[in-house]
Structures are given as structure tokens and as C-alpha cells.
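Before any comments, here is the structure.
The values are calculated or read from the model by the stated rules, or taken from the named source; none is laboratory data. Treat the numbers as computed from the prediction; the structure is a model and nothing was measured. Using ideal geometry, Cβ is built from the backbone for each residue, glycine included, and neighbour counts are taken over all protein chains shown. Accessible surface areas use protein heavy atoms only, side chains included; no ligands, DNA or RNA. Shrake-Rupley method; radii C 1.70, N 1.55, O 1.52, S 1.80 Å.
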Amino acid sequence: MNDMSSSPVRKIIHVDMDAFYASVEQRDNPELRGKPLAVGGSAARGVVAAASYEARVFGVHSAMPSVTAKRKCPDLIFVPPRFDVYRAVSQQIREIFAEYTPLIEPLSLDEAYLDVTQNLKGMEIATEIALEIRTRIKQITGLNASAGISYNKFLAKMASDLNKPNGQAVITPKNGPAFVETLPVKKFHGVGPATAERMRKYGIETGHDLKSKSLAFLQEHFGKSGPYFYGIARGIDERQVKADRIRKSVGAEDTFVEDIDDLALATAELRPLVEKVWRYCETGGIGAKTVTVKIKYSDFTQATRSRTGPFPVADAGEVLGTASALLATVYPFKRPVRLLGVTLSSLTNEEADNGQPQPQLDLGI
């Protein structure tokens, strides 16, 4: 891993729209402004796709079951998502980004990384670029954006959360390592709940704890993510901003705190994975014909089962049904299950059909 001093300091901005779906709905319907709002289905099995800041005060957040959200906030207003509108607004925002740099890496409809080290405006100060971009977004879309500015992607992402909503923050090379040391690892981008729990078992709860572990230790216990964790614990992240990433598949997986040997329990664990991959496809206007389930056993052996249909899957329910049926084909399990994964592939949007595909997008939780 190269020392940061061996190359020029990069200028990376992470732009994150504030409560994007909910804010679009409040923008377009004045009667919803200032009220607790959830975008998503209110039915018994519905899930909150996004929550307004008025709803977040009550503890409502995305991916929460709608019945739980309603219990936390009885006055919560549900509106169905309008992904065609969100995609159109997202394109407006992308066009603003393109005025400043061609190096734009969208993470979803409402957030992206920008590398402005060399930018089209010839501006030297990244904080001024971020402020200009946020101002332009407000002028053109009427929506608020927050931004994080730093010398790498990890810290830019962390910085964008510091002054939300409608704010921005900078993490400099001088204060980056110290900032990471004080941060709980559960707040690290790339560390989901399952990984955070595994880290806690090894006595890792803060960046300082993570920094105390050797590269060999992290590789042994966290595999291919070990070098990444080793770097970010020191404020180092050399990942480049990749413009126009082309995906051939999208997947999510979860390692359980305790191994599972019951089919019903294992099937229940598929739901949050399915919801995560389907949300990514739905918001991006992506269709998928192939559903794959990965099963990793307690002895680290694994199996995969796939099914490909003639047409893209219709909804999350169809994905869940297919994934559940695939999982059932390996039951009784030869050993308790420690990890499950769900991947959608044979993607059908134009971007996936042209150019050279990139590796799977991992939505690890």
C-alpha cells in the first residue's frame, strides 16, 4: 500500500441528497411539507424506501417494515414511490456534476463520488466546488444536498454525514487518521451490522481498535476485506473514482452471528437481502433474469443455486419466491449455514449490455 506522500493529494467529493425520495415528494406536493412522510408501501409486508427528516425524528428509517414505522409514528403519511421521477431528477443532478468533472461514480440515484483533483472549471479549492454544486442543485431541482470533501473516497463518504442535512464538511490529510481513530467501526462505510458484530467479538469497536490489528490478522478473519480495513483504519483508501461503472450483477450477503440449521430461519434471512438487491435494481431501472443463492456452511464450504427465466423478474416477491425455492433444494443442510447471499444477474438495462462488465456490485449488509 503506497504512502500518501508518494502521490499528489486527491480532491474527492461525496455528494448525498438529503432524504431524496421523500424530499422530491414534498417538493411536488406542498401539502406534505413539514409532515412525517415515508415513501413505500403501507401494507402489512411493506417496507419504507425513504423517510423525511420529520419522520426520522420518530426513529423511522429506510428498510424498516412499514408496520414498525407506523407504530413509531402514528401520523406517518405513506406515498408510493415514483422511480421514473426520481431517475429524471437524478439525471438533472448528474448533468450538474458533469459541468465540473467527467470522473463521476454514482452509487445510487441520490449519491455519487466526484474526483475534482483536475476539474473542468480550473478551481483549486474543493470545498468551493462542493458549495457551488450544492447551490446549483438547489437552484435547478429545489432540493438540498450535503457533501463531504476529503483526500479519498472513504473519508469523503464519512464527511458527508457530518453536517447533514444541507451542509458540508472537510476531512484533511492532517486530521484524517485521528478522525478515523475515534469513529465507531459500525459507522464505517463498508462495515455492515454482521461485520461490526464480528469485529466486536475480536475487541474491535473503534478505528483505534481496528488500527491495532495487524494486516495478517485482518486478512485471516475478514478475508479479501482485510487490506481495505487495514488501510481505512489509517485514513488510507486508494480506490479510484470510477466513471460510468458497468455492472454485470448485483448482490448482497450476510454472515450470521450464529450458524443456522433450520430452513424456516434461513429462508427468513433471505428477505432483507432480496429487498436490498431489488431496491438497487428498481431505483436504477435495471431488470434481471437470473436469481442466484449462495450458501456458505460452518466449515466454509459453499454451494450456489441459480435459476434463469426468459423475462426479467417482476418484483421483489418473485425474487424472494425464487430464492426461497433455490434454498430449499439444499435442505437438509449438510452443515449449519453461516452465510447466505442473493445475486441478481443477466441485467437488462442498456449500460449492462454495452462495454466491458465490471465485477459484481456488493451491497453487503
Looking at segment 32-43, can you tell me whether even one residue there is of a type in the set (Ser, Thr, Tyr) and assigned to a helix (DSSP H, G or I)?
no
Out of all the residues in segment 115-129, which are more than 13 Å from LEU103 (Cα to Cα), not in a helix (DSSP H, G or I) and not basic (Lys, Arg)?
GLY122, MET123, GLU124, ILE125
Is there a residue in segment 293-312 that is open to solvent by less than 30 Å² (accessible area, probe 1.4 Å), under 28 Å from TYR21 (Cβ atoms) and either at pLDDT 95 or above or not small (Gly, Ala, Ser) (or both)?
no
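I need the full set of residues from segment 170-195 which are within 20 Å of the chain's Cα centre (by Cα) and either open to solvent by 70 Å² or more (accessible area, probe 1.4 Å) or of a type in the set (A, V, I, L, M, F, W, C) (or both), in order please. Spell out the reasoning first.
First pass over segment 170-195, keeping only residues within 20 Å of the chain's Cα centre (by Cα): 180, 183-195.
Listed by number, the residues that qualify are VAL180, LEU183, VAL185, LYS186, LYS187, PHE188, VAL191, PRO193, ALA194.
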Among (1) modelled with pLDDT of 95 or more; (2) open to solvent by less than 30 Å² (accessible area, probe 1.4 Å), TYR86 falls short only on (1)
Candidate set: segment 323-359, residues that are assigned to a helix (DSSP H, G or I) and modelled with pLDDT under 85; chosen: the one least open to solvent (accessible area, probe 1.4 Å):
ALA352
All-but-one check, ILE286 against (1) in contact with a Phe, Trp or Tyr (Cβ under 9 Å, 6 or more places away or on another chain); (2) under 25 Å from ARG82 (Cβ atoms); (3) open to solvent by 50 Å² or more (accessible area, probe 1.4 Å), failing number (3)
Name the one entry in LEU273, LEU320 that is outside the structural domain of PHE222 (by the TED database), open to solvent by 20 Å² or more (accessible area, probe 1.4 Å) and aliphatic (A, V, I, L, M).
LEU320
Quick one: how many residues across segment 205-245 are assigned to a helix (DSSP H, G or I), surrounded by 15 or more Cβ atoms within 10 Å (Cβ to Cβ) and of a type in the set (Lys, Arg)?
1
If you check LYS296, LYS289, which single one turns out to be in contact (Cβ under 8 Å) with a residue 40 or more places away in the chain, within 28 Å of GLN91 (Cβ to Cβ) and part of a strand (DSSP E or B)?
LYS289
Hey, can you tell me all the residues within segment 111-141 that are open to solvent by 40 Å² or more (accessible area, probe 1.4 Å) and either outside the structural domain of ILE13 (by the TED database) or not β-branched (Val, Ile, Thr) (or both)?
GLN118, LEU120, LYS121, GLY122, GLU124, GLU128, LEU131, GLU132, ARG136, LYS138, GLN139
